[in-house]
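Worksheet: the structure to be examined is printed underneath.
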Amino acid sequence: MSDPAEVTITGPIDLIAIVPHLLGYEPGSGDVVVIGMRDDTLIMTACTNFRGIRTRQEHDAVVGVVGKPVSHTNIDTAAIVGYGGPEHVGAGIDSLRDFLSTRGIRIVDAMRVFEKRLYPHLPAGGGTTPTGAAAGIPFDTATTTVTAAMVLNGSVTEPNRAALADQFLPVTGAERADMHAATLRARHRLQHLTAGIADPAATIAEAGRAAAAMIYEHHRSGDRPTDDEAAWLIVLLTDTAVRDHVWRQTHGHHGHLTLWTDLTRRAEPDLVAAPATLLAFTAWQMGNGPVAAIALQRALNTDPAYRMARLLQLVLFTGMPPTAVGGRFLTEDPLAAKRPVAG
């Protein structure tokens, strides 16, 4: 996903064109997407699916799952785009519009997309459908300047959410074997480093700072960390103080998303929770809810009790801002006096 701040949206067709780039995949039938903004700047994107909803209780639960965190973010306007026939997404669009509007968020656009046609979705009694719009307005996003700009910026979209999730699967084959060997070396290195030390906390913290600095230096230079460098940091992330130090240096931009995607994929199964949670935190800071959710699921599938992943999952649901994590959940930084890692 490229930086959407570089793209100007001039109308509903542009909005439809950018949605797959914001999500990282093409929305499917039953999906309803909320694009949240403040002062005309994109803040966040969220997606949920209403297909197969049969009861009012199920419907309200789906609305709450996406509506509550969206309404708690720092946005003042939103656009809603539903995909599929009115029987699949019509009620979902209406409910999300009502949910957000009653919480002070102005809905600047609401529409439904079906078979390459755009249908304005007006609220009951909310106005007259534009001439010709009742039958749907045909469009082609491939010809928009938004699509051209996103492709030029290197944005690639997957055909569906499952394909997006596949981008975060563990490495396999020879690459997995190499990382397994590197991780064994890293574990032995840590044992040797702390052997005979009654309280190794400071030693591990200093090693973590140095490992993180090296990883971020490679990142800035455009170089991929070697297997040994990657494995060393991943092993050190099992220490809470090291993880929290790295957490403070992790920011919401595409480079860090690429870095933590790579480290999450390369991590051994029993070590994936920390890098996957850092990946989720990076995506969350970018407003990329789908990737944050996928990364958190990777972390919790590996370790259902991993505290930071569970806390971040709660934070995402309640809509707390990213800055709240540092003040509430991170340990005292034992490396605060050291030179900070930048990336």
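Scaled against 2.2 N^0.38 Å for its residue count N, the alpha carbon radius of gyration of region 168-328 is 1.00. Ranked by the mean number of other Cβ atoms within 10 Å of their residues, highest first, the peptides 293-301, 231-239 come out as 231-239, 293-301.
So, by mean Cβ neighbours within 10 angstrom, what's the order for 106-114, 283-291 with the highest one leading?
Numbers: 106-114: 18.3, 283-291: 22.7.
Put in order of decreasing packing, that is 283-291, 106-114.
Run through the DSSP bridge list for the chain and note the antiparallel percent, rounded to the nearest 5. The answer is about 70 percent antiparallel.
Here residue 109 and residue 270 are evaluated by their C-beta separation; at R0 = 56 Å the FRET efficiency comes out at 0.75.
At R0 = 22 Å, how high is the FRET efficiency between residue 74 and residue 318 if r is their beta carbon distance? Nearest 0.05 is fine. All intermediate terms of the calculation are to be shown ahead of the outcome.
Working: r = 14 Å, r/R0 = 0.62.
According to the calculation, E is roughly 0.95.
Label-to-label distance for residue 26 and residue 180 is 3.7 nm, based on points extended 7 Å past Cα in the beta-carbon direction.
Peptide packing: for 261-269, 220-228, 146-154, 53-61, the average count of neighbouring Cβ atoms within 10 Å per residue gives the ranking 261-269, 146-154, 220-228, 53-61, highest mean first.
In deg cm²/dmol and to the nearest 500, what is the mean residue ellipticity at 222 nm of the chain if only DSSP H runs of at least 4 residues count, each as -39500 (n - 2.57), divided by the residue total? Walk me through the numbers before you get to the answer.
Values: 14 runs with 179 residues, N = 343.
About -16500 deg cm²/dmol.
Each label was represented as a point 7 Å from its Cα along the Cα-to-Cβ direction; for residue 54 and residue 134 these points are 3.4 nm apart.
Dividing the convex hull volume of the alpha-carbon atoms in the chain by its residue count gives 149 Å³ per residue. Computed from the C-beta positions of residue 311 and residue 87, the FRET efficiency with R₀ = 45 Å rounds to 0.70. Amide H to amide H distances under 5 Å link residue 153 with no residue, where only residues 5 or more positions off or on other chains count and H is placed in the peptide plane.
Across region 6-104, counting alpha-carbon atoms alone, Rg and Dmax equal 13.0, 41 Å.
Any read-out appearing in this document is the output of simple, stated calculations on the displayed coordinates, not a laboratory observation. None of the values given here were measured: they were computed from a predicted structure. Cβ: placed from backbone, ideal geometry, glycine included. Neighbour counts: every protein chain shown.
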